[in-house]
Amino acid sequence: MALRVVLAEDNYLVREGVGKLIDLEPDLEVVAACVDYPTLLKAVEGNSPDVVVTDIRMPPTGSDEGIRAANELRALYPNLGVVVLSQYSEPAYALRFLENGSKGRAYLLKERVSDIGQLASAIREVARGGSVIDPEVVDNLVKARSQDARSPLRTLTPREVEVLAEMAQGKNNAAVAAALVLSERAVEKHINSIFFKLGLSEEPDVHRRVKAVLLFLAATS
């Protein structure tokens, strides 16, 4: 019995091309083709597919509908596999897609779609609860994690991160102390440690606070 696939892609040519490629596989069948987020959810409800293949960006907003659909469908249909097709290899997209688990999830770059073998293999894999992540995305994830590991912010203690987060809100030492239920002396010690670990010990105090906050905001944005 063929695996039932719902395809969601707003570009007509891509939708038709991918649909035909999938239908060429004897064990796969496209049972519905959709152009936006609302029709995708309706198609899943009405066709009981085994797998959804969806673009990451679709109407109505053209932002992250594929990821939002995957998260919503996981709650409604836990055994439904989802393959997201994206032209973006940035780690942030993949991490959001996989934040609730990788079971039955595949993230492929659209450039791979011309190789029906890769797409068909991903569809079959997620249908049985497996996961597939594009190698280029994996490489970028590894690079991003390596960069994070070199960040001086990773040397801060949890309490120092809390103090820095309060500083990022523009609070002075007294306000930070009140927010974290610490003495001002303890806050001062934490701040001096933060400056030292971030390599700001030789800067004037005002500049150190500004630079420390900028480092924090850059890492958490």
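The values are calculated or read from the model by the stated rules, or taken from the named source; none is laboratory data. Here the structure is a predicted model, which is why all the values come from computation and not from measurement. Neighbour counts run over all protein chains shown; Cβ positions are idealised from the backbone, glycine included.
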- Item | region 88-115: number of residues that are over 14 Å from Ala127 (Cα atoms), surrounded by 14 or more Cβ atoms within 10 Å (Cβ to Cβ) and charged (D, E, K, R) | 3
- Message: Condition check: modelled with pLDDT under 80 and either within 27 Å of the chain's Cα centre (by Cα) or farther than 27 Å from Ala92 by Cβ (or both). Does Leu214 satisfy that?
- Response: yes
- Message: Anything in region 136-161 that is at pLDDT 75 or above and outside any helix (DSSP H, G or I)? List them, or say none.
- Response: Leu156, Thr157
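Every residue, every condition in (1) in a loop (DSSP other than H, G, I, E, B); (2) more than 19 Å from Ala94 (Cα to Cα); (3) out of contact with any Cys (no Cβ under 7 Å at 6 or more places or on another chain), yes or no:
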| site | (1), (2), (3) |
| --- | --- |
| Ala32 | no, yes, yes |
| Thr54 | no, no, yes |
| Met58 | yes, no, yes |
| Ala69 | no, no, yes |
- Message: Of the conditions (1) under 32 Å from the mean Cα position of the chain (by Cα); (2) modelled with pLDDT under 75; (3) of a type in the set (A, V, I, L, M, F, W, C), Val206 satisfies every one except a single condition; which number is it?
- Response: (1)
- Say we look at region 57-80 and pick out the residues that are in contact with an Asp or Glu (Cβ under 9 Å, 6 or more places away or on another chain) and more than 14 Å from Leu41 (Cα to Cα); which of these is modelled with the lowest pLDDT? Gly62
- Message: Just the residues that are surrounded by fewer than 16 Cβ atoms within 10 Å (Cβ to Cβ) and either touching a residue at least 40 places away in the same chain (Cβ under 8 Å) or outside the structural domain of Arg105 (by TED's automatic domain parsing) (or both), please, taken from region 63-87.
- Response: Asn79
- Among Ile123, Ile116, which is the only one that is at pLDDT 90 or above and either within 16 Å of Glu25 (Cα to Cα) or of a type in the set (S, T, N, Q) (or both)? Ile123
- Query: Does Ile133 qualify as being at pLDDT below 85 and in contact with a helix residue (DSSP H, G or I) (Cβ under 7 Å, 6 or more places away or on another chain)?
  - Reply: yes
- Task: Answer with yes or no whether Pro38 is under 25 Å from Ala94 (Cα atoms), assigned by TED's automatic domain parsing to the domain that holds Leu85 and part of a loop (DSSP other than H, G, I, E, B).
- Result: no
